[in-house]
Amino acid sequence: MADDILFLFNHDAPHQVAHIAGIARAMVKTGADGRTVTCAVATPAIRARVESILGSAAGQVAWYDMALPGWLEAALALPNKVAPVRRLMRLRHHAGRINAARVVVSAERTCLSIREGRGKALFAYVPHGAGDRMVSYHPEKGGFDLILVSGHKTAREMVARGVAPAERLRVIGYPKFDTIDLAQSKHLFPNGNPVLVYNPHFDPLLSSWYDHGPALLDWFASPAGQAYNLIFAPHIMLFAKKLHVSLEYRTARLRPDIAPHWQSAANILIDTGSAALVDMTYTLAAHAYIGDVSSQVYEFLVRPRPLLFLDAFSHDPRSREGAYPAWQAGDVARDAAGLAALIPGAWQRHDAFRATQEAIFADTVSHQAGHPAVQRAAQALRDLAAGRGAIGPQA
């Protein structure tokens, strides 16, 4: 069976789902030029997450199960704790079905590893986030026929860095925003104290968690820190593994675990694996953000509020990262003690950062009133499937 437009949900965690599932929903609801829409899912949990976003459209798409044979799943269990071998093996195991599609839509570049060559399936890429790490502009991404980016920043940088020519880029906005109630703000603590969310990345060189995170949580658990509430909401992949390996930086580190006294602190909410880590529950509930390099900072900036950053790597000669645009929009500290000292005055200093926050957000996320990102993306995919003209970086 050949699929017309196949959305690829090939991951063990659900953090990529919202970036493309809403586009699949829009294609079904607005029409796909008579083409079938297929959702290829890696696990039952991923399918459930996709279905929750599709809503009534779930019954109008075709489903394809990317499970591996049981013996192979078991054999890959141990090595998968270090490297994404299951993800890669699923692609290889189902390469025939994937390459037979007219258009393949993915939120990660690993699908290109099984591509049989141009002229067969057309591959479209929607980044799962809008961050500024070097990996966002990895040269392999130039292998996609169409790249749908959230804003002019990413389009501009991809062209400037030689990743892809302008005619293969389309600025669409941020599809994840169209799947979430952005007006929500849940009350997660029984007091009126300020709420901060700490969102460290998982990369063993770039993340603040390995060297500074435990000391920061110690401060929040201390008498001084208890004047504030903390949501510890790391990137969902940070606690998926104990050992984190960065092929990019050829380094590996063991992840520090959760200390019991953090869990017992009434002012600290710890979540290392629930769906709330990826559905903006915490970024919308917090009054200030603490992070390092996660692109979730741009999800937080959908409503401008104070930003604080832990810089764990700029002094490291191994780092190839440039200056982070988001770091211009908030306070930056080099260690936990320095960051804790910045917290009390963060709200008073916010006015000085607001204009910068609004500018970098507008550059990162293109918004068009009346034209949601999912609809703009769906139209771009229809154009790609139909071979309709050049696809340039339209707003």
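Points to keep in mind about this one:
- Members of region 144-162 found to be under 20 Å from the mean Cα position of the chain (by Cα) and not in a helix (DSSP H, G or I), listed by number: Phe144, Leu146, Ile147, Leu148, Val149, Ser150, Gly151
- The condition of being under 21 Å from Ala21 (Cβ atoms), out of contact with any Asp or Glu (no Cβ under 7 Å at 6 or more places or on another chain) and of a type in the set (Gly, Ala, Ser) holds for only one of Ala166, Ala107, Ala124, Ala77, that being Ala107.
- Total residues in region 107-136, condition part of a helix (DSSP H, G or I), surrounded by 20 or more Cβ atoms within 10 Å (Cβ to Cβ) and of a type in the set (Ser, Thr, Tyr): 0
- Of all residues in region 50-98, those satisfying the criterion of being outside any helix (DSSP H, G or I), within 23 Å of Met27 (Cβ to Cβ) and in contact with a Leu (Cβ under 8 Å, 6 or more places away or on another chain) are Val61, Tyr64.
- For region 88-106, a residue qualifies if it is open to solvent by less than 20 Å² (accessible area, probe 1.4 Å), over 23 Å from Ala75 (Cα atoms) and in contact (Cβ under 8 Å) with a residue 60 or more places away in the chain, and the qualifying residues are Ile98, Ala101, Val103, Val104, Val105, Ser106.
- Contact map, region 313-327: first residue of a type outside the set (A, V, I, L, M, F, W, C), second residue at pLDDT 80 or above and in a loop (DSSP other than H, G, I, E, B), Cβ cut-off under 6 Å, separation 6 or more or different chains; pairs are Arg318/Tyr249; Ser319/Phe313; Tyr324/Asp132; Pro325/Asp132.
- Within region 154-173, the set of residues being open to solvent by less than 10 Å² (accessible area, probe 1.4 Å) and charged (D, E, K, R) is empty.
- Condition broken by Arg35, with the remaining ones in (1) part of a loop (DSSP other than H, G, I, E, B); (2) within 22 Å of Leu238 (Cα to Cα) satisfied: (2)
- Residue check for Leu217: within 22 Å of Val332 (Cβ to Cβ) and either touching a residue at least 40 places away in the same chain (Cβ under 8 Å) or assigned to a loop (DSSP other than H, G, I, E, B) (or both): yes
- Count of region 56-82 residues, restricted to those that are within 26 Å of Leu243 (Cα to Cα), open to solvent by 60 Å² or more (accessible area, probe 1.4 Å) and among the acidic types (Asp, Glu), is 0.
- Taking region 182-200 as the range and being in a loop (DSSP other than H, G, I, E, B), open to solvent by 10 Å² or more (accessible area, probe 1.4 Å) and within 21 Å of Met280 (Cβ to Cβ) as the test, the residues that pass are Leu182, Ala183, Gln184, Ser185, Lys186, His187, Leu188, Phe189, Pro194.
- Some residue of region 258-275 being surrounded by 15 or more Cβ atoms within 10 Å (Cβ to Cβ), modelled with pLDDT of 95 or more and of a type in the set (Gly, Ala, Ser): yes
- Highlighted here are the helices (runs of 4 or more DSSP H) found entirely within region 233-345 that include at least 3 residues which are within 18 Å of the chain's Cα centre (by Cα): 281-285, 296-300.
- In region 347-358, the residues that are without any contact (Cβ under 8 Å) to a residue 40 or more places away in the chain form Cβ pairs under 7 Å with partners that are open to solvent by 70 Å² or more (accessible area, probe 1.4 Å), at six or more places apart or across chains, as follows: Thr356/Gln328.
- If you go through region 148-182 and pick out every residue that is touching a helix residue (DSSP H, G or I) at 6+ places or on another chain (Cβ under 8 Å), among the acidic types (Asp, Glu) and more than 13 Å from His367 (Cβ to Cβ), you end up with 1.
- As a summary of the residue check, Pro139 satisfies the conditions (1) farther than 28 Å from His367 by Cβ; (2) touching a helix residue (DSSP H, G or I) at 6+ places or on another chain (Cβ under 7 Å); (3) surrounded by fewer than 19 Cβ atoms within 10 Å (Cβ to Cβ) except for the one numbered (2).
- Looking across region 346-389, the residues that are surrounded by 15 or more Cβ atoms within 10 Å (Cβ to Cβ) and assigned to a loop (DSSP other than H, G, I, E, B) come down to Val365, Ser366, His367, Pro372.
- Criterion: in contact with a helix residue (DSSP H, G or I) (Cβ under 8 Å, 6 or more places away or on another chain) and closer than 22 Å to Ala326 by Cβ - qualifying residue of Asp132, Asp145: Asp132
The values are calculated or read from the model by the stated rules, or taken from the named source; none is laboratory data. None of these values were measured; they are calculated from a predicted model. Quick reminder, even Gly has a Cβ in these numbers, built from the backbone with ideal geometry, and neighbours come from all protein chains shown. Heads up: the accessible areas ignore ligands, DNA and RNA and are worked out on the full protein's heavy atoms, side chains in. Shrake-Rupley method; radii C 1.70, N 1.55, O 1.52, S 1.80 Å.
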